[in-house]
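Below is one structure; the comments refer to it alone.
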Amino acid sequence: MSFIAGFLLFSLIASSQSMVCFQGICDNIQKPVEHCKGTTIKNGGFCGCYDVCAKQEGDECDAEAVRDRLPLGKCDVGLTCQAQSNMMFGSGKCVKNTKQAARETHTVCQQRRMQSMISMVVYRGQWFPKCDEEGLFMPEQCDNTGMCFCVDIHSGAVHQETKVQGSANCMPTTVAP
């Protein structure tokens with residue numbers, strides 16, 4: 001009877017507590033070396049006992065930590081785990097990291113525009129770049145005094161000789177490198 005009581009007590013405690021990794025837990029765990037499609041996560045297995053493969057695009061992963069559930073794994077570099085409404089609570093699928101990709105693909109014009117927008121400094125003659133749908137500079141830019149001027153559509157270099165009050169009637173140009 002004491003065995004059953006002990007087993008029930010152990011089961012009750014185990015189910016109510018998170019997994020605990022104790023010293024020596026890895027001593028008898030042997031896991032073969034993984035041949036991964038992508039990155040190998042060193043000591044990423046159960047309690048850090050062995051290496052695991054990072055999850056690939058479309059694989060199930062941990063969108064959020066859930067208590068009392070074995071981890072599903074981490075996504076490879078360039079992927080993020082996105083929660084899915086049709087999946088078990090806390091799980092998701094590895095998808096391309098679109099936020100990271102978007103950050104990496106801002107054009108010079110878009111970068112300068114963002115810098116101008118977050119700057120707390122305002123000065124006479126300041127201009128906020130206007131970008132076209134491809135992210136290039138619009139040929140004509142205007143500053144906060146009403147002066148307009150032509151710029152190189154790739155670099156944003158101002159053609160000083162074109163500065164006029166009102167429209168500068170610019171054509172798309174590129175300054176030679």
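The values are calculated or read from the model by the stated rules, or taken from the named source; none is laboratory data. Just so we're clear, the structure is a prediction, and the values are computed from it rather than from any experiment. Here the Cβ is made from the backbone with ideal geometry for all residues, glycine too, and neighbour counts use every protein chain on show.
For the range 1-28, enumerate the residues that are at pLDDT 80 or above and either among the β-branched types (Val, Ile, Thr) or outside any loop (DSSP other than H, G, I, E, B) (or both).
ILE25 - this is the single residue of the range 1-28 that is at pLDDT 80 or above and either among the β-branched types (Val, Ile, Thr) or outside any loop (DSSP other than H, G, I, E, B) (or both).
I'd like to check something: does the range 30-53 contain any residue that is modelled with pLDDT of 75 or more, aromatic (Phe, Trp, Tyr) and farther than 30 Å from GLU134 by Cα?
Yes, the range 30-53 has at least one match.
Among the residues of the range 141-156, how many are crowded, with 18+ Cβ neighbours inside 10 Å and aliphatic (A, V, I, L, M)?
Number of matching residues: 2.
Every residue in the range 111-140 that is outside any loop (DSSP other than H, G, I, E, B) and surrounded by 10 or more Cβ atoms within 10 Å (Cβ to Cβ), please.
GLN111, ARG112, ARG113, MET114, GLN115, SER116, TRP127, CYS131, PHE137, GLU140
Return the residues of the range 103-122 that are modelled with pLDDT of 85 or more and either closer than 19 Å to CYS148 by Cβ or among the acidic types (Asp, Glu) (or both); say none if nothing qualifies.
Scanning the range 103-122 gives CYS109, ARG112, ARG113.
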